[in-house]
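The values are calculated or read from the model by the stated rules, or taken from the named source; none is laboratory data. These numbers were taken from a predicted model, which means no experiment stands behind them. Heads up, the Cβs are rebuilt from the backbone with ideal geometry, glycines too, and the neighbour counts pull from every protein chain shown.
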Number of protein chains: 2
Amino acid sequence: MSDRTERPVVIVSNRGPVSYRVEDGQLVGTRGAGGLVSGLAPLLDSGRASWIAAALSDADRAAVADRVSAPDGLAVRLLDLDPKDQALAYDLISNQTLWFIHHGLFDLTRSPSYTADWLEAWEAYRRVNQVFAQAVCESAPVDAAVLIQDYHLTLMAPTLASERPDLSTVHFHHTPFAGPDMLRVLPAAARDEMLTSLNAYDACGFHTQDWAENFEQDLRRWPHATSEVVVPAKAKVFASSLSTDAGDLRSTAGSERCVEHLRSLEEQIADSQLIVRIDRMELSKNIVRGFQAFDLLLQQRSDLHGQVVFLACCYPSRENVPEYARYKEEVLAEVERVNARWGTAIWQPILLETNDNYLRSVAALRRYDVLLVNPIRDGLNLVAKEGPLVNDRFGTLVLSTEAGAWAELQSAALGINPFDVEQTAEMMGLALDLDPSDRKTRATYLAGLVAERTPLDWLEDQLAAAG
Amino acid sequence: MSDRTERPVVIVSNRGPVSYRVEDGQLVGTRGAGGLVSGLAPLLDSGRASWIAAALSDADRAAVADRVSAPDGLAVRLLDLDPKDQALAYDLISNQTLWFIHHGLFDLTRSPSYTADWLEAWEAYRRVNQVFAQAVCESAPVDAAVLIQDYHLTLMAPTLASERPDLSTVHFHHTPFAGPDMLRVLPAAARDEMLTSLNAYDACGFHTQDWAENFEQDLRRWPHATSEVVVPAKAKVFASSLSTDAGDLRSTAGSERCVEHLRSLEEQIADSQLIVRIDRMELSKNIVRGFQAFDLLLQQRSDLHGQVVFLACCYPSRENVPEYARYKEEVLAEVERVNARWGTAIWQPILLETNDNYLRSVAALRRYDVLLVNPIRDGLNLVAKEGPLVNDRFGTLVLSTEAGAWAELQSAALGINPFDVEQTAEMMGLALDLDPSDRKTRATYLAGLVAERTPLDWLEDQLAAAG
């Protein structure tokens, strides 16, 4: 086996680091951003790492057909999947079943409800995983470490193990991982297939020890396991949290266009205190209860009327999932209700931004006094780490104890149970009232905690797990 | 310490073995039935055991005020709780929070949502537990084993441990027990208080190893616990399933009035095959998906049209809980839909009985060809054990793998994932088609499995855990 520091690396994920669009009749590829891509940039640029992902758009598919090279000569291979399989695997299995199970979002009295359609979709999910596995078998360098990302790609292990025993395979879950009671909501055959495959990777990683322990419990209490099996027979299980790239983010925050957004925000809110949330418009993010808590705070504290603004940047997500569309309506209705109840001619308590704008979001992170991150459950939550890195005002983080980031940040954040509207209101009020020296101490410590890890640390943990 | 076989016993539960009603202006007490009461009958009659429970009705309260003795000279003490506390503790905490959490029934996107009202209700729950604890402290014989039943009474331990260290205390949970992710849906302070108290009983019992392991995981992964604590420091944790009293049940099944119900049922359905379910009208029982599966079966199998009847005895439960009322409407609508779709002038596919009638239920258990027990999650489920004991036709049990009874009966029942409507339809069809000798073998084996345990075995396990 090669020295670990030299070993070739293959990253596998549904969404890749490159996407294409048509510009003046030409296919143009651009590099994406984000912690994963930033962390891998040096590896990709050095040619040590290659990346396999799905073609997600028509332009991506055209780029595959035309064998267009990735920008900057990156070793990125996009797979042209069967569109029907891709839709079933992505929408019905990944996002409407596995996502809901791992986040505990099903209203079990009514859903899921499996019929033959679901089983067909599971077969599509299996085929998509198989296409990814074959691509790795064909193109991975000898002895490579293969780092497979997330719940879209749980079933690749058996093929990799049998056809390419030279590879070391690591599966990393970016979501929470359901414990035994919730995992049993999957049809038994699908659950068995998924656990069998996950257990056949050389290692399985999670953002926190809690999700890792859930997975170990799933293996240990799996009907196929004997009661003596305490440690999984095969897969190494590890916890390693992803971090944001501080340099990248700070450079964005200092950019002229971000500063423009900041000025425009300051004109809008003047010297009000500012509560900020930045999330996809998503059930697990618990947006409605956040507004209910703000409503309760305004009810309890007339001294805050006209003095505080809640800026909620809630960006479109999975709009073809009916549950998401319904949730968006509930969010909009709650904003309307709170603004109608408390708003005046000169004060709009909640500003809701529903158009995705990264630079405006970073500007909001610079300006907040309180950052509210209150998910029902969350694999990690990068916003909780990004805010403290760029905030200009020693703002305070109010953080759900159910976000993976809580494990790292609990000593410097104010913790809330996401279902506890009373407590959320109380903590937001407390955060707004903190005296400047407390605020500064807490925010400085928090930024230090966040800076302790880089995306490269996370990558190194996966490579170490690959052995 | 006394010899275990002589040790005095105190049973504590919300609902006691005796209730009162007014008849001709007089308070009349009657003994209840059920596995718990049957199992304890010899102990109660011998005077070794006493029982503390809540007064649940005005007549019960009047009996407390008038110091009316319990029937048969039984040592039963009913507690006259503050009605407002009792309502808050029973409705809001026990049935609308703890029940939902242990069964995984919350639609977490929307509920629970804790505000100050909930905290007040928790205080009421705490006071109700305290009244029970004080009653035990005052009246338990020296060195008694105190057997505390169910999720209504989780907080008694600290008072008992400090005021009556001579007692041995056992808490038995009749529901499932939520694992860490779901238990964290409770406000942190309430969860900490509950786990602290449960851990301060001498032992905690559950119907199955799965629920016991969930509880152990809760203790182990509780933030207060250090990572080294693998085995709980204090409470012994044990699994022991309750059984039905076969003698009692068979005598009811053979009674003249039950036989009359059976004849009337046979007139109604003639020689149709019969699918039966008997449940409270309750979210966890998964009644709607049962009808959806029956609908699917009729869609797939025209040979069954006119040949099979689904008798669903779904009795009123917690009708003042809004979620239950809503669910009842959904059940009624689904029955109407299926009957409208398939019914003919001479065949009504689903017969729904919503008035509780124990003798008619037992008659239905004698007559079924298929017994459907498909809960989303269930601590045990006694119907799954009662059916095989009295069924006349070697009927087949189709059983949810999420019912506690599955752990004992899986080798003789047909298992289903309760969310899998396709599989439920398939298993009901398979059960209807089983050839007579298979049917007989399976049913005989099943009845034997059920008969392996008696309510007394369960009681003895608790006494053994008391030490």
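Here are a few things to note about the model shown:
- Flag: residue B:99 does not match the condition of being touching a residue at least 40 places away in the same chain (Cβ under 8 Å), among the aromatic types (Phe, Trp, Tyr), closer than 30 Å to residue B:377 by Cβ and more than 14 Å from chain A (Cβ to nearest Cβ).
- Hey, residue A:368 without any contact (Cβ under 8 Å) to a residue 60 or more places away in the chain, among the hydroxyl-bearing types (Ser, Thr, Tyr) and either closer than 24 Å to residue A:106 by Cβ or surrounded by 14 or more Cβ atoms within 10 Å (Cβ to Cβ) (or both) or not: no
- Within region A:345-364, tally of residues that are of a type in the set (S, T, N, Q) and more than 14 Å from residue A:265 (Cβ to Cβ): 2
- On the stretch given as region B:309-324, residues that are part of a helix (DSSP H, G or I) and more than 12 Å from chain A (Cβ to nearest Cβ) total 1.
- Scanning region B:347-356 for residues that are in a loop (DSSP other than H, G, I, E, B) and free of Cβ contacts under 8 Å to residues at least 60 places away in the same chain gives B:348, B:349, B:355, B:356.
- Here residue A:435 meets each of (1) within 13 Å of another protein chain (Cβ to nearest Cβ); (2) among the acidic types (Asp, Glu); (3) without any contact (Cβ under 8 Å) to a residue 60 or more places away in the chain with one exception, condition (1).
- Residues of region A:382-416 classified as of a type outside the set (Phe, Trp, Tyr), surrounded by fewer than 24 Cβ atoms within 10 Å (Cβ to Cβ) and within 26 Å of residue B:115 (Cα to Cα), total: 8
- Any chance residue A:447 is touching a Pro at 6+ places or on another chain (Cβ under 8 Å) and either of a type in the set (Ser, Thr, Tyr) or away from chain B (no Cβ under 14 Å) (or both): yes
- Enumeration of residues in region A:185-227 that are at the interface with chain B (Cβ under 9 Å from one of its Cβ atoms), under 24 Å from the mean Cα position of the chain (by Cα) and assigned to a loop (DSSP other than H, G, I, E, B): A:185, A:186
- Just so you know, in region B:386-424 the residues that are farther than 18 Å from residue A:108 by Cα, touching a Phe, Trp or Tyr at 6+ places or on another chain (Cβ under 8 Å) and among the polar types (S, T, N, Q) include one that is nearest to the other protein chains (Cβ to nearest Cβ), and it is B:411.
- Residue in region A:214-221 that is at pLDDT 95 or above and over 24 Å from residue A:133 (Cβ atoms) present: yes
- Members of region A:172-184 that are within 29 Å of residue A:116 (Cβ to Cβ) and more than 10 Å from chain B (Cβ to nearest Cβ): A:173, A:175, A:183
- Test: residue in region A:78-96 that is within 14 Å of chain B (Cβ to nearest Cβ) and at negative phi: yes
- The single residue among B:182, B:156 that is in contact with a helix residue (DSSP H, G or I) (Cβ under 7 Å, 6 or more places away or on another chain) and under 30 Å from residue A:379 (Cβ atoms) turns out to be B:182.
- Single match in B:58, B:72 (criterion: more than 14 Å from every other protein chain (Cβ to nearest Cβ), over 30 Å from residue B:327 (Cα atoms), over 22 Å from the mean Cα position of the chain (by Cα) and not small (Gly, Ala, Ser)): B:72
- Unique match (being among the aliphatic types (A, V, I, L, M) and at pLDDT 95 or above) among B:75, B:70, B:89: B:89
- Restricted to region B:366-467, the set of strands (runs of 3 or more DSSP E) holding at least 1 residues that are closer than 22 Å to residue B:178 by Cβ comprises B:370-373, B:396-400.
- The criterion of being crowded, with 19+ Cβ neighbours inside 10 Å and either assigned by TED's automatic domain parsing to the domain that holds residue A:404 or basic (Lys, Arg) (or both) holds for residue A:293.
- Region A:102-117 - residue that is crowded, with 22+ Cβ neighbours inside 10 Å and in a helix (DSSP H, G or I) and, of those, nearest to the other protein chains (Cβ to nearest Cβ): A:103
- One residue alone among B:186, B:198, B:160, B:155 is buried (at least 22 other Cβ atoms within 10 Å of the Cβ) and farther than 24 Å from residue A:420 by Cα, and that residue is B:160.
- Residues being crowded, with 16+ Cβ neighbours inside 10 Å and under 17 Å from residue B:356 (Cα atoms) - total across region B:250-279: 10
- Number of positions in region A:238-259 that are in contact (Cβ under 8 Å) with a residue 40 or more places away in the chain and farther than 30 Å from residue A:176 by Cα: 4
- Here residue A:55 meets the list (1) modelled with pLDDT of 90 or more; (2) closer than 24 Å to residue A:462 by Cβ almost entirely, failing just condition (2).
- Residues considered: B:326, B:360, B:337, B:341. Of these, the only one that is surrounded by 18 or more Cβ atoms within 10 Å (Cβ to Cβ), in the same structural domain as residue B:381 (by TED's automatic domain parsing) and of a type in the set (Lys, Arg) is B:360.
- So residue A:282, is it surrounded by fewer than 16 Cβ atoms within 10 Å (Cβ to Cβ), closer than 19 Å to residue A:375 by Cα, within 14 Å of another protein chain (Cβ to nearest Cβ) and of a type outside the set (Ser, Thr, Tyr): no
- 2 or more residues in contact with a Phe, Trp or Tyr (Cβ under 8 Å, 6 or more places away or on another chain), assigned by TED's automatic domain parsing to the domain that holds residue B:154 and surrounded by fewer than 18 Cβ atoms within 10 Å (Cβ to Cβ): qualifying strands (runs of 3 or more DSSP E) within region B:1-80: B:26-31
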